[in-house]
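Each value in this text was obtained by applying a stated rule to the coordinates, not by laboratory testing. This is a predicted model, so every value here is computed, not measured. For neighbour counting, all protein chains shown are included, and Cβ atoms are generated from backbone atoms with ideal geometry for every residue, glycine included.
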Amino acid sequence: MDGPDEWQKLCDAMEHERDTHGWKYVEIRPREIEPVRESQFQPGCQYLFHVLALDAGEEELFRRFHKDSVQRKIRRAAREGLTYAEGRTEEHLNDFYRLQLMTRRRQQLPPQPVKWFRNVLACLGESAKIRIAYHKDKRPVASILTLRFRETLVYKYGCSDARFSNLGGTALLFWKSIQEACQTGAAYFDMGRSACDNQGLATFKERWGGTRRTLTYWMYPVRQARPAYEAWTVRAAKRMFFWLPDRALTAAGKLLYKHIG
């Protein structure tokens, strides 16, 4: 949107659609500007958002990285002989999804269906890329999925095998992505959103040089907080997801992802 007049038209149209069709709510997710105050949209969820400007170039960016948490891990990955691969093949997808399943289990969440990622790669073509760090015997230890849009490279999904987290696989993948972004003329590395109470993830992004801002989603009408009994059922479900065998966890993801993904 280029100005308040366009925002007003968008908000009016969305309010009308919601009221006409009886939708539970409408949500607008602007990066920076806010809906006009004359609308019925109100602030909803808030997140932290980090983006790394790439104008300084590779060498200067590396110098600015946190020496212990970032630079040391990139060098550790090189010493350990981790290898890097990227692509969009079924083999890349299978290695990525194996790590994604491990990660979602640690997070006590069902994984997104593999079909979701397959469709992302098919629909976005060369703009989507899977990046994988391999240890000895071509064992995948970390992987990320990135998207390219105009002058921005977007970090969208990340996963890893926790048994090899000390080898620096994720640091290697971030650094390779940033190098590629610089070499192909990108201006920004979008590091994505984080929950406001997830200070660990926010700190991780800031040690790469990511600039923090607050991301506010606007809703009409604002949804009420979940009742206490619903929060209890979510906690119980998360415990169950942790212990489910892979096949059952994958099936749960297929069933639930469109509702809770």
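Simple point charges give the picture: +1 on the Cβ of Lys and Arg, -1 on the Cβ of Asp and Glu, and for the stretch 1-78 a dipole about the Cα centre of about 960 debye. Can you list which of the trypsin sites (Lys or Arg not before Pro) found in the stretch 147-199 are DSSP loop residues with at most 16 other C-beta atoms within 10 Å? Hits after loop and neighbour filter: Arg150.
Bridging of Lys136 to lysines at a Cα separation below 21 Å is possible for Lys73, Lys176, once same-chain residues fewer than 8 apart are set aside. Hey, what angle do you get for helix 228-243 against the long axis of the chain, alpha-carbon based, 0 to 90 degrees rounded to 10? Compared with the principal axis, the helix lies near 20 degrees. Size check on the stretch 49-219: the Cα extents along the three principal axes, sorted descending, read 48, 35, 33 Å. The stretch 171-222 to the stretch 127-162: how many Å between their Cα centroids? A separation of 15 Å, based on Cα centres. For the options Val120, Val154, Val141, a Gaussian network treatment of the chain with springs between C-alpha atoms closer than 10 Å singles out Val120 as fluctuating the most. The alpha-carbon atoms of the stretch 43-107, seen along their principal axes, cover 47, 36, 24 angstrom, with the largest extent given first. Does anyone have the angle between helix 169-183 and the longest principal axis of the chain? Alpha-carbon axes, 0 to 90°, nearest 10? Approximately 80 degrees, to the nearest ten. Excluding same-chain neighbours fewer than eight residues apart, the lysines reachable from Lys115 by a Cα-Cα span under 25 Å are Lys129, Lys138, Lys156, Lys238, Lys254, Lys258. With respect to the chain, whose longest principal axis is taken over its alpha-carbon atoms, helix 4-21 is tilted by about 70°.
The distance linking the stretch 56-88 with the stretch 1-55 is 37 Å (Cα centroid to Cα centroid, whole angstrom). Charged side chains reduced to their Cβ positions (Lys and Arg at +1, Asp and Glu at -1) give the chain a dipole of some 1540 debye around its Cα centre.
For the stretch 77-92, the Karplus equation 6.51 cos²θ - 1.76 cosθ + 1.60, evaluated at θ = phi - 60°, returns couplings of 4, 5, 5, 6, x, 5, 10, 10, 9, 9, x, 9, 7, 5, 5, 4 Hz by residue, with Gly and Pro reported as x.
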